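So the structure is just underneath, and the comments pick up after that.
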Amino acid sequence: MERTLVLIKPDAVKRQLTSKILSRFEDKGLKIVGLKLMQLSKEKAMEHYAEHKKKPFFDNLVSFITSGPIVAIVLEGKDAVTVVRTMMGTTNPRDAAPGTIRGDFAMDLGRNVIHGSDSVYSAEREIKIFFEEDEVLDYERVIDKDIYENL
Ligand code: UDP
């Protein structure tokens with residue numbers, strides 16, 4: 001099983017899309033193993049987006065992601081990183097396919113409602129920024145055998 005970090009960004013929290021977005025992941029069969037509403041500090045935002053430090057949109061991105069509450073989520077499942085990226089849709093929501101989260105809920109690159117780790121390596125790094133070890137929980141679901149053929 002793989003784990004990935006999802007952030008419901010401040011635009012989506014303020015638009016009251018949190019439960020709709022969470023439902024999509026639950027309906028898919030991904031397991032929520034970490035979940036919190038939080039206000040990100042500038043320092044943590046810069047650490048999270050460190051790979052974009054030299055990009056022209058970096059300052060706007062940091063100020064946007066710290067502009068209001070976010071919901072941080074750890075999802076677990078087979079190929080969770082790729083499954084979540086596919087469900088999110090392309091970075092620019094105007095290009096994102098209908099049926100994806102960005103395709104259905106967003107219009108602008110700088111207001112694209114969701115973040116999802118882009119690799120297993122990034123996921124491991126990012127989860128540590130947002131969650132303490134004891135805030136990511138292991139538990140069994142009785143539905144697992146109806147979601148996966150082979151466990
Ligand atoms: N972003 C932006 N302008 C750009 C490119 C990216 O504001 O020209 C923002 C956008 O919100 C995106 C985030 O920076 O979600 C991180 O960019 P990345 O390329 O990692 O896209 P993602 O992995 O979020 O699809």
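The values are calculated or read from the model by the stated rules, or taken from the named source; none is laboratory data. Not measured: the values here are computed from a predicted model. With ideal geometry, Cβ positions are generated from the backbone for all residues, glycine too; neighbour counts draw on all protein chains shown.
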Restricting attention to the stretch 82-91, and to residues there that are within 11 Å of the ligand (Cβ to nearest atom) and within 13 Å of the chain's Cα centre (by Cα), which single residue is surrounded by the fewest Cβ atoms within 10 Å (Cβ to Cβ)? THR91
Return the only residue of ILE8, ILE32, ILE21, ILE65 being surrounded by fewer than 16 Cβ atoms within 10 Å (Cβ to Cβ), at negative phi and of a type in the set (Val, Ile, Thr). ILE32
Unmet requirement for GLU26, which otherwise passes all of (1) more than 16 Å from the ligand (Cβ to nearest atom); (2) part of a helix (DSSP H, G or I); (3) touching a residue at least 60 places away in the same chain (Cβ under 8 Å): (3)
Across the stretch 98-140, which residue is farthest from the chain's Cα centre (by Cα) among those that are surrounded by fewer than 11 Cβ atoms within 10 Å (Cβ to Cβ) and farther than 27 Å from LYS14 by Cα? GLU140
Checked the stretch 50-61 for anything more than 10 Å from the ligand (Cβ to nearest atom) and surrounded by 16 or more Cβ atoms within 10 Å (Cβ to Cβ); matches are none
Where GLU47 falls short, out of the listed (1) within 12 Å of the ligand (Cβ to nearest atom); (2) over 28 Å from ILE143 (Cβ atoms): (1)
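When you scan the stretch 65-79, do you find a residue that is closer than 20 Å to ARG15 by Cα and within 12 Å of the ligand (Cβ to nearest atom), even just one? Full working, then the answer.
At the first step, the residues of the stretch 65-79 found to be closer than 20 Å to ARG15 by Cα are 65-73.
Cutting the leftovers down to within 12 Å of the ligand (Cβ to nearest atom) gives us 65.
Yes, the stretch 65-79 contains a residue that is closer than 20 Å to ARG15 by Cα and within 12 Å of the ligand (Cβ to nearest atom).
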Residue among ALA106, ALA97 that alone is more than 27 Å from SER41 (Cα to Cα) and within 15 Å of the ligand (Cβ to nearest atom): ALA97
Quick test for you: out of GLU2, GLU43, GLU47, pick the one residue that is in contact with a helix residue (DSSP H, G or I) (Cβ under 9 Å, 6 or more places away or on another chain), under 22 Å from ARG125 (Cβ atoms), surrounded by fewer than 16 Cβ atoms within 10 Å (Cβ to Cβ) and of a type outside the set (A, V, I, L, M). GLU47
Test for ASP138: is it at pLDDT 95 or above, within 11 Å of the ligand (Cβ to nearest atom), acidic (Asp, Glu) and out of contact with any helix residue (DSSP H, G or I) (no Cβ under 9 Å at 6 or more places or on another chain): no
